[in-house]
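No value in this document is a laboratory result; all are computed from the given coordinates. This one's a predicted model, so the numbers in the text were calculated from it and none came from an experiment. Note: ideal-geometry Cβ built from the backbone for every residue, glycine included; neighbour counts use all protein chains shown.
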Amino acid sequence: MNFETITFERDGGVAIVSLNRPDAANSLNGTMAEELVKVATHCDSNPDVRCVVFTAKGKMFSAGGDLHTFAAQGEGMAEYMRYATTGLHAAISRFSRMNAPFLVAVNGIAAGAGFSMAICGDMVFAAESAKFTMAYTRAGVSPDGSSTYFLPRLVGHVKAMQLIYMNDLLTAEQAKEWGLVNEVVPDDQLMSRVMEVAHQLANGPTLAYGECKRLVADSLSNTLETQMEMETRAIAGLARFSEDSVNAIHAFTKKQKPEFKGK
């Protein structure tokens, strides 16, 4: 798959999606939003993709929205921003709802929409030099890219509002302390560590991972009884429709190591 603003690579069952506008701080424009939808839809639709790694080329992860491009639209700026955010949101939704685990590798500064993209992963890994800031209100706008959904769930209401209002600049270690990042890794080891985890997950029960993602995503909007009913339906559905689940249960009863094929 060939793109203008991102790259797409495969390493076995692992797909690697990289933002690729390093000369523009990997900022989001309409083309990038459109291409992210395409690649997210491909990953969601292709059962051979069993884990997705999301990162960026160059020194920065992403500076957020391309404000220069937005401003150049003149009176059409609002319409253009609606187009770009709609594409970004569709991509994040697919990445969040697909069966394959979604790992984010933050290789540098993540600001604005870059911050939003950085924290939407199932697991987030940051280089030691990475930094995080919301930055939206500094430009006189409100957040997008799912951050008002994920941020309060990760750090709580009070800290979320602090980050949104005050635009604190968090180091990678501070982001980990706040619960935004799973691991902080030396810069030169970031991708090797993420790929190690990605391949481990790519060899796991992909359909079960998908159910886990969706259950957790919906948990805060469900009552206890609704959530437990969804858990029942998910685990029973896997026992009925997933070859991996059935085979793994039998393997465990025989004290054998299960082999997962993503089915």
Antiparallel %, DSSP beta bridges [both residues in the chain], to 5: 30
Antiparallel content of DSSP bridges confined to segment 1-157, in %, to 5: 25
Computed over the chain: relative contact order in percent, which uses C-alpha pairs under 8 Å that are six or more apart: 17
At R0 = 30 Å, FRET efficiency that the Cβ-Cβ distance of Val158 and Phe252 yields, to 0.05: 0.10
Read-out semi-axes √(5λ) of the Cα gyration tensor in Å, derived from the coordinates shown; its label in [x] 29, 19, 18; [y] 33, 25, 14; [z] 32, 20, 19: [z]
For Glu128, residues with placed amide H under 5 Å, excluding near neighbours: Val185, Asp187
Under the Karplus curve 6.51 cos²θ - 1.76 cosθ + 1.60, θ = phi - 60°, whole-Hz ³J(HN,Hα) for segment 203-210, x wherever Gly or Pro sits: 9, x, x, 4, 5, 5, 4, x
Karplus 3J(HN,Hα) series, Hz, for segment 73-83 with 6.51 cos²θ - 1.76 cosθ + 1.60 (x for Gly, Pro): 6, x, 5, x, 4, 4, 5, 5, 5, 4, 4
Fully extended contour minus Cα-Cα distance, from Thr86 to Ala239, at 0.36 nm per residue: 51.5 nm
